[in-house]
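As structure tokens, the structure follows; a few thoughts come after it.
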Amino acid sequence: MESQYNPKEVEEKIYQIWEESGFFNPDKLPGKRPERFTIIMPPTNANGRLHVGHALTITIEDIMIRFQRMRGKLTLWVPGADHAGFETQVVYEKKLEKEGRSRFKMKPQELYDEIMKFTLENKIYMENDTRKLGASCDWSREKFTLDQSVISETQETFRKLYRDDLIYRDYKTVNWCTKHQTSLSDLETISIEKKDKLYFIKYGPLTVATVRPETIFGDVAIAVNPKDPRYQKFIGQIIEIQHLEKKFSLIILGDNDVDMAFGSGALKITPAHDHNDYNMSVKHKLKRIVVIDQFGKLNEKTGKYAGMKVNEVRQKVIEDLQTLNLIEKIEDYTHAVPVCYKCKTTIEPRLMPQWFVKMQPLATMAAEIVRAGKIQFIPNNFKKIFLYWMDNTIDWNISRQIVWGISIPAFICKNCNRGILDSDNKRNEPCVCGGAFVQDTDTLDTWFSSGQWPLLALGYPHTANMDFYPTDVMESGSDLIFRWIPRMVFLGLYLKKEIPFRTIYLHGMVNDQQGEKMSKSKGNVISPIDLVKKYGADALRISLVIGNTPGTDLSLNENKIKGYKHFCNKIWNATRFVLTNIEGVDLDTRKPVLTVRDEEILKELKKVVENVTDNIENFRFHLAGEELYHYFWHNFADIIIEEMKPRLTQDNNNSKQAAQWILLEVLITIIKMLHPFIPFITEEIWSRLPIKNRKLLMIEEWPKIENKI
RNA sequence: GCGCCCUUAGCUCAGUGGUAGAGCGUUUGCAUGACACGCAAAAGGUCGUAGGCUCGAUCCCUACAGGGCGCACCA
């Protein structure tokens, strides 16, 4: 054995041995394994290389899988590749931009084919990176979110929800990104604080406060609070006003949602360009006038302002209103504005016909199951967050105006925008309005399909793998507590009438050394594969786990990884010492007569086995890892080995044999327990230990807790 | 505004109702037959502040301060 451990020489070789063994696949695992343990890997975005966050996901899941496999369970870990709809399309659009091209000049099919090619290329990188981290997942069951079976089953779910009246098509204001030319769900927007002006504009006898004067062309009403003494008398009146290019008739209505204390207490209602105003229009049956087009420019209904962009026209409108002496005052105003989470373009709420999932019945179902304690959250406070969202959810817009996704299985009337299922076979019949139907060109929100992932990854509705459902643990980043987790819960319940997983384990974000979020634009992204090259996969894995509690963000410090590289080296050298000193002793050597101290050592070891097992079972991987680290270094290496040294050189045959036996026994036990954390070096060491009828360490039995060690 | 989390050694963080732990860093001494990616030792904290429950609190409760994150927005 060399005096230094060299991960480069070991890792690739070991992974190949594992993969060829077939043991990643539960069908090929030896022995009777009555209990199952299943994890569905969050499908990894196949649009680039792995992020350190992925490395954390893979490590934690691999620890659970390897532990349970050694505990004798029938373990299945299904890997997946995500086409990642909008995310990938955004990545690809950037690529097109660099090449001086634009998606808007391409035929949809041409764009789709190019992104598919790009994704399939990246998928291979992603898979190989996953292998480099030691993931013992069943590649034979890998699923891609655009596999034909996934597409067809996702579309089938759409049809089922439609027939159950849980999907509908309607005109509503949606979050429109003028750059990406698609609508987005609420979860795909973020709000940023923005300094704006609050303009007080005269509307006949009233004054209205607004930050968006450019939308006045779409005004249909003014709302006041019915309790407001200033305005009560106007409620129900229709006022005629002349603003710039246009003469308006606006009804003044009373609504309790109007805050008397804000602005002037009177609110202009523009239902086509504001979510709240839209809701107001539903309540009060108001018409909706679209005055801003899909590019964020005013349309032909705005006279001389037509064609101007929202931001430019705002100033112009104010100037013109000032000329007419219609501006009462202007105040500074800071508020949060929703922007596209990818390009930060201000969201333009826009009235559009879209498909929506009716959330209330589904959310209620999910909340009930969680309240009943059927799903365990780790850490527990995410349960509250989950329930808050379920109790306050609004209908989910699932149409996206992008090509990279699963197409919506529906026909749309060209005339009235009514939508029907494609399977209803009425395409050739005219719509009730007399219009003709065409295939819907929109695609489904990527979370609509990934929300069914635990089922789809197991091949639902085919029954072959359904014994693995419900799965045991869903492990993912805490950022997906809204975006993904709830959707899996209610879609799983809806489709299969069963929870998709028993436990949700959420890890925190991996940030840079300063605790800043890693992002390409900041240039602080650390590649896990570079770290693997530098320190070895084992060192990276264990440093991501130790000192990292669930749900808490982690500041990644390279020195820490270096420290655990040293730990690997320590293990290597302790093993080297044991192997060169145990002579003929092997695992089958009969237990010699032990000293009192030897028995004490075994007792301590037994305690470690108990603690580590308990901690892993209860998802406290950081404690299990830390205990193993300390036991190995500061007990086994520092104390036990040092104590045994004199006994190894003496002539007392029995004491010597006992020392040798103890050294091997402790080493073997601890190597087994370290395996889930640092699988490569432990498997390599295993292959060098004196064992007859050697199996791979990955399928060795976990140290027993009771009876003999 | 609402909600969640955090505040412990220089840094990054564990942890426990009974007078504090790790890694890295720092200081000192060691080439001790596994390992200098090492060994031996040491310095370093009134566990955010103020109250409360308790025989006893860093840990439980309350308030406050500072930091982070999420959600929602009043136009």
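In the stretch A:685-705, what residues are assigned to a helix (DSSP H, G or I) and surrounded by 19 or more Cβ atoms within 10 Å (Cβ to Cβ)?
Filtering the stretch A:685-705 down to residues assigned to a helix (DSSP H, G or I) leaves A:685-686, A:697-699.
Correct list: A:Ile685, A:Trp686, A:Leu697, A:Met698.
If you check A:Ile582, A:Ile561, A:Ile601, which single one turns out to be of a type in the set (A, V, I, L, M), in contact with a helix residue (DSSP H, G or I) (Cβ under 9 Å, 6 or more places away or on another chain) and either open to solvent by 10 Å² or more (accessible area, probe 1.4 Å) or within 29 Å of A:Ile58 (Cα to Cα) (or both)?
The conditions single out A:Ile561.
Taking the condition of being farther than 22 Å from A:Arg620 by Cα and free of Cβ contacts under 8 Å to residues at least 12 places away in the same chain, how many residues in the stretch A:354-398 meet it?
Counting residues in the stretch A:354-398 that are farther than 22 Å from A:Arg620 by Cα and free of Cβ contacts under 8 Å to residues at least 12 places away in the same chain gives 4.
In the list A:Gly254, A:Gly263, A:Gly303, which residue meets the criterion of being within 16 Å of RNA strand B (Cβ to nearest atom) and over 26 Å from A:Pro338 (Cβ atoms)?
Details: A:Gly263 fails: over 26 Å from A:Pro338 (Cβ atoms); A:Gly303 fails: within 16 Å of RNA strand B (Cβ to nearest atom).
Only one candidate passes the filter, namely A:Gly254.
For the stretch A:504-548, which residues satisfy the criterion of being within 10 Å of RNA strand B (Cβ to nearest atom), open to solvent by 60 Å² or more (accessible area, probe 1.4 Å) and either among the basic types (Lys, Arg) or modelled with pLDDT of 90 or more (or both)?
Hit for the stretch A:504-548 is A:Lys517, nothing else.
Among A:Ala366, A:Ala336, which is under 35 Å from the mean Cα position of the chain (by Cα), within 27 Å of A:Ser183 (Cα to Cα) and at pLDDT 90 or above?
On the way: A:Ala336 fails: at pLDDT 90 or above.
A:Ala366 is the lone residue from the list that is under 35 Å from the mean Cα position of the chain (by Cα), within 27 Å of A:Ser183 (Cα to Cα) and at pLDDT 90 or above.
In the set A:Leu667, A:Leu674, A:Leu648, which member is under 22 Å from A:Val596 (Cβ atoms) and at pLDDT 95 or above? Write out each step before concluding.
Details: A:Leu674 fails: under 22 Å from A:Val596 (Cβ atoms); A:Leu648 fails: at pLDDT 95 or above.
Of the residues listed, the single one that is under 22 Å from A:Val596 (Cβ atoms) and at pLDDT 95 or above is A:Leu667.
Would you confirm whether or not the stretch A:619-638 contains a residue that is in a helix (DSSP H, G or I), exposed (fewer than 14 other Cβ atoms within 10 Å of the Cβ) and polar (S, T, N, Q)?
no
Collect the residues in the stretch A:149-176 that are farther than 21 Å from A:Asn417 by Cα and open to solvent by less than 10 Å² (accessible area, probe 1.4 Å), keeping them in residue-number order.
Within the stretch A:149-176, A:Val150, A:Thr154, A:Thr157 meet the criteria.
From the list A:Glu626, A:Glu610, which one is more than 19 Å from A:Val545 (Cβ to Cβ) and within 35 Å of the chain's Cα centre (by Cα)? Give the steps one after another, and end with the answer.
Details: A:Glu626 fails: more than 19 Å from A:Val545 (Cβ to Cβ).
Being more than 19 Å from A:Val545 (Cβ to Cβ) and within 35 Å of the chain's Cα centre (by Cα) holds for just one of A:Glu626, A:Glu610, which is A:Glu610.
Which residue pairs have Cβ atoms under 7 Å apart, sit 6 or more places apart or on different chains, and have a first residue in the stretch A:517-542 that is closer than 28 Å to A:Ile14 by Cα and outside any helix (DSSP H, G or I) and a second that is open to solvent by 30 Å² or more (accessible area, probe 1.4 Å) and not small (Gly, Ala, Ser)?
A:Ser527/A:Arg49; A:Gly536/A:Lys565
Of all residues in the stretch A:103-129 being open to solvent by less than 10 Å² (accessible area, probe 1.4 Å) and not charged (D, E, K, R), which is nearest to A:Ile529 (Cα to Cα)?
Applying the first criterion (open to solvent by less than 10 Å² (accessible area, probe 1.4 Å)) to the stretch A:103-129 yields A:111, A:115, A:119, A:126, A:129.
Okay, now just the ones that are also not charged (D, E, K, R), so A:111, A:115, A:119, A:126.
On the way: A:Leu111: 30, A:Ile115: 24, A:Thr119: 19, A:Met126: 11 Å.
So the residue we want is A:Met126.
How many residues, within the stretch A:34-55, are over 19 Å from A:Gly72 (Cα atoms) and of a type in the set (D, E, K, R)?
Of the residues in the stretch A:34-55, 1 are over 19 Å from A:Gly72 (Cα atoms) and of a type in the set (D, E, K, R).
Which condition from (1) open to solvent by less than 10 Å² (accessible area, probe 1.4 Å); (2) modelled with pLDDT of 95 or more is the one that A:Asp27 breaks?
Single failed check for A:Asp27: (1).
Checking the structure you have, find out if any residue of the stretch A:294-311 is acidic (Asp, Glu), open to solvent by 70 Å² or more (accessible area, probe 1.4 Å) and modelled with pLDDT under 90.
Restricting attention to the stretch A:294-311, the residues satisfying the condition of being acidic (Asp, Glu) are A:300.
When the remaining residues are screened for being open to solvent by 70 Å² or more (accessible area, probe 1.4 Å), the result is A:300.
Pick out the ones that are also modelled with pLDDT under 90 and you get none.
No, the stretch A:294-311 contains no residue that is acidic (Asp, Glu), open to solvent by 70 Å² or more (accessible area, probe 1.4 Å) and modelled with pLDDT under 90.
Quick one: in the stretch A:581-604, which of the residues that are in a helix (DSSP H, G or I) and farther than 30 Å from A:Gly547 by Cα is nearest to RNA strand B (Cβ to nearest atom)?
Start the filter on the stretch A:581-604 by keeping residues that are in a helix (DSSP H, G or I), which leaves A:581, A:596-604.
Those left that are additionally farther than 30 Å from A:Gly547 by Cα: A:581, A:596-599.
On the way: A:Asn581: 7, A:Val596: 22, A:Arg597: 17, A:Asp598: 18, A:Glu599: 22 Å.
If we take residues in the stretch A:581-604 being in a helix (DSSP H, G or I) and farther than 30 Å from A:Gly547 by Cα, then A:Asn581 is nearest to RNA strand B (Cβ to nearest atom).
Filter the stretch A:460-484 for residues that are charged (D, E, K, R) and in a helix (DSSP H, G or I); which is most open to solvent (accessible area, probe 1.4 Å)? Can you show your working first?
Pass one, the stretch A:460-484, residues charged (D, E, K, R): A:467, A:472, A:475, A:479, A:483.
Add one more test, that the residue is in a helix (DSSP H, G or I), and what stays is A:467, A:483.
Working: A:Asp467: 101, A:Arg483: 56 Å².
Ranking the qualifying residues of the stretch A:460-484, first place goes to A:Asp467.
Go through the stretch A:399-454 and tell me which strands (runs of 3 or more DSSP E), entirely inside it, have 1 or more residues that are open to solvent by less than 10 Å² (accessible area, probe 1.4 Å) and touching a residue at least 24 places away in the same chain (Cβ under 8 Å). Break it down into steps so the answer makes sense when it comes.
On the way: elements: A:410-413, A:419-421, A:437-439.
Correct list: A:410-413, A:419-421.
Could you please give the count of residues in the stretch A:624-671 that are within 9 Å of RNA strand B (Cβ to nearest atom) and free of Cβ contacts under 8 Å to residues at least 12 places away in the same chain?
Number satisfying all stated conditions: 7.
Hey, can you tell me all the residues within the stretch A:651-684 that are aromatic (Phe, Trp, Tyr), surrounded by 23 or more Cβ atoms within 10 Å (Cβ to Cβ) and in a helix (DSSP H, G or I)? I'd like the intermediate steps shown before the answer.
First, the residues of the stretch A:651-684 that are aromatic (Phe, Trp, Tyr): A:661, A:677, A:680.
Next, from what is left, pick out any that are surrounded by 23 or more Cβ atoms within 10 Å (Cβ to Cβ): A:677, A:680.
Once the filter is applied, which keeps residues that are aromatic (Phe, Trp, Tyr), surrounded by 23 or more Cβ atoms within 10 Å (Cβ to Cβ) and in a helix (DSSP H, G or I), the stretch A:651-684 yields only A:Phe680.
Take A:Lys132 and tell me if it is away from RNA strand B (no atom under 16 Å from the Cβ) and open to solvent by less than 50 Å² (accessible area, probe 1.4 Å). Before the answer, list the steps.
Numbers: away from RNA strand B (no atom under 16 Å from the Cβ): yes; open to solvent by less than 50 Å² (accessible area, probe 1.4 Å): no.
So A:Lys132 fails the test.
Give the residues of the stretch A:554-580 that are within 6 Å of RNA strand B (Cβ to nearest atom) and not polar (S, T, N, Q), sorted by residue number.
As a first pass, look at the stretch A:554-580 and keep what is within 6 Å of RNA strand B (Cβ to nearest atom): A:555, A:557, A:559-560, A:563, A:565-566, A:569-570, A:573-574, A:576-577.
Result: A:Lys560, A:Gly563, A:Lys565, A:His566, A:Lys570, A:Ala574, A:Arg576, A:Phe577.
The values are calculated or read from the model by the stated rules, or taken from the named source; none is laboratory data. Keep in mind it's a predicted model, so treat the numbers as computed, not measured. Because the Cβ atoms are built from the backbone with ideal geometry, glycine has one as well, and the counts that use them run over all protein chains shown. Side chains are part of the model used for accessible areas, which takes the heavy atoms of the whole protein and leaves out ligands, DNA and RNA. Shrake-Rupley method; radii C 1.70, N 1.55, O 1.52, S 1.80 Å.
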